[in-house]
Amino acid sequence: MAYQIEVVDLTTLPPANGILSLREQAYYQTLRFPKRRTEWLGGRVALKRVVARQLCLSDLAQIEILPQENGKPQLLVEQKPLTLAHSITHSHDFAVAAVSGESALLGIDLEKITHRIEAWKRDFFHPNELTSDGDDFLTALWTQKEALVKLLGTGLSLRSKEVCCVGGKPQFFGRALELYNELGHPPITVVTERWPSGYMLSVAFSAAREIS
Ligand SMILES: CC(C)(COP(=O)(O)OP(=O)(O)OC[C@H]1O[C@@H](n2cnc3c(N)ncnc32)[C@H](O)[C@@H]1OP(=O)(O)O)[C@@H](O)C(=O)NCCC(=O)NCCS
């Protein structure tokens, strides 16, 4: 398997004690909004479980997932940075995390399928991407874009039309293309499924990269 995935139901989260390290607990205490606390903790539970499985670790608190300035979390074990590719997403009742190998690139996105207005479509998608219509298609397309943004690791610094996905194939423009080239323009696979029920989940994955 190229990557492993863990899904956590945010309505039945275990208590933070025993899961978070001291540094994570300190950060967790700064989060004021209950929704943000739940999704932040859920993402950590999901990623820690999947990393623990991959590395055969039993103590989740020895794995740390600390926020960085650009939003992309850093993964550490016993305070040493781990270079495994990883990604977190949350939407409504679920948090999902994925982890892969050291030379891989990975981004995931989960979205609840909802109806969006025409202006949203115009604002975020290039006309070439809109090869179909309907809530399932547009939600899937959105998750593909977000998974690709996370794979590139930049977060909000990109414009949504610089990262496109046409028929499941990524296309990069402008700053996104520069970043993609800096990564050695690796082949990227985007897999989208309607799962869990009522949600779309996309995984953008590249097995290996050659930094130019
Ligand atoms: C990073 C981004 C994709 C967040 O997506 P989102 O759908 O709002 O939220 P998700 O729940 O799917 O993902 C959030 C997680 O992404 C991860 N993340 C944040 N910044 C990241 C980055 N720069 N690179 C990789 N992962 C990042 C974090 O783990 C975060 O969870 P945490 O803060 O609890 O650890 C960001 O682009 C964003 O906020 N987009 C908002 C909408 C937008 O304009 N999109 C443009 C699409 S091209």
Checklist entry - Does Lys161 qualify as being surrounded by 16 or more Cβ atoms within 10 Å (Cβ to Cβ), of a type outside the set (Val, Ile, Thr) and in contact with a His (Cβ under 7 Å, 6 or more places away or on another chain)? => result yes
Checklist entry - Which one of these does Ser132 not meet: (1) outside any helix (DSSP H, G or I); (2) closer than 17 Å to Val149 by Cβ? => result (2)
Checklist outcome for this item: Glu102 fails exactly one of (1) farther than 20 Å from Thr189 by Cα; (2) modelled with pLDDT under 95, namely (1)
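Residues checked against (1) in contact (Cβ under 8 Å) with a residue 24 or more places away in the chain; (2) more than 10 Å from the ligand (Cβ to nearest atom); (3) farther than 22 Å from Leu179 by Cα:
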| site | (1), (2), (3) |
| --- | --- |
| Gln54 | yes, yes, yes |
| Ser58 | no, yes, yes |
| Thr83 | no, yes, no |
| Val96 | yes, no, yes |
| His126 | yes, yes, no |
| Leu148 | yes, no, no |
Next on the checklist: Restricting to the range 19-42, name every residue that is within 13 Å of the ligand (Cβ to nearest atom), part of a helix (DSSP H, G or I), out of contact with any Pro (no Cβ under 8 Å at 6 or more places or on another chain) and not charged (D, E, K, R).
Outcome noted: Tyr28, Thr30, Thr38, Trp40, Leu41, Gly42
Checklist entry - Somewhere in the range 150-163, is a residue farther than 23 Å from Glu69 by Cβ and more than 13 Å from the ligand (Cβ to nearest atom)? => result no
Checklist entry - Are any residues in the range 105-124 part of a loop (DSSP other than H, G, I, E, B), farther than 17 Å from Met200 by Cα and either within 13 Å of the ligand (Cβ to nearest atom) or modelled with pLDDT of 95 or more (or both), and if so, which ones? => result none
Checklist entry - Wholly within the range 139-212, which strands (runs of 3 or more DSSP E) include no fewer than the required count, namely at least 3 residues that are more than 18 Å from Asn128 (Cβ to Cβ)? => result 189-193, 199-206
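The rows are residues; the columns are (1) among the charged types (D, E, K, R); (2) more than 18 Å from the chain's Cα centre (by Cα); (3) not assigned by TED's automatic domain parsing to the domain that holds Thr89.
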{"residue": "Ile113", "(1), (2), (3)": "no, no, yes"}
{"residue": "Lys121", "(1), (2), (3)": "yes, yes, yes"}
{"residue": "Asp136", "(1), (2), (3)": "yes, yes, yes"}
{"residue": "Leu152", "(1), (2), (3)": "no, no, yes"}
{"residue": "Cys164", "(1), (2), (3)": "no, no, yes"}
{"residue": "His185", "(1), (2), (3)": "no, yes, yes"}
{"residue": "Thr192", "(1), (2), (3)": "no, no, yes"}
{"residue": "Ser197", "(1), (2), (3)": "no, yes, yes"}
{"residue": "Ala204", "(1), (2), (3)": "no, no, yes"}
Checklist entry - For the range 85-94, which residues satisfy the criterion of being near the ligand (Cβ under 9 Å from one of its atoms) and within 17 Å of Ile63 (Cα to Cα)? => result His86, Ser87, Ile88
Item to check | Unique residue being exposed (fewer than 13 other Cβ atoms within 10 Å of the Cβ) and in contact (Cβ under 8 Å) with a residue 12 or more places away in the chain when the list is Glu64, Glu78, Glu6, Glu39 | outcome: Glu78
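The values are calculated or read from the model by the stated rules, or taken from the named source; none is laboratory data. This one's a predicted model, so the numbers in the text were calculated from it and none came from an experiment. Every residue, glycine as well, gets a Cβ built from its backbone with ideal geometry; the counts of neighbours run over all protein chains shown.
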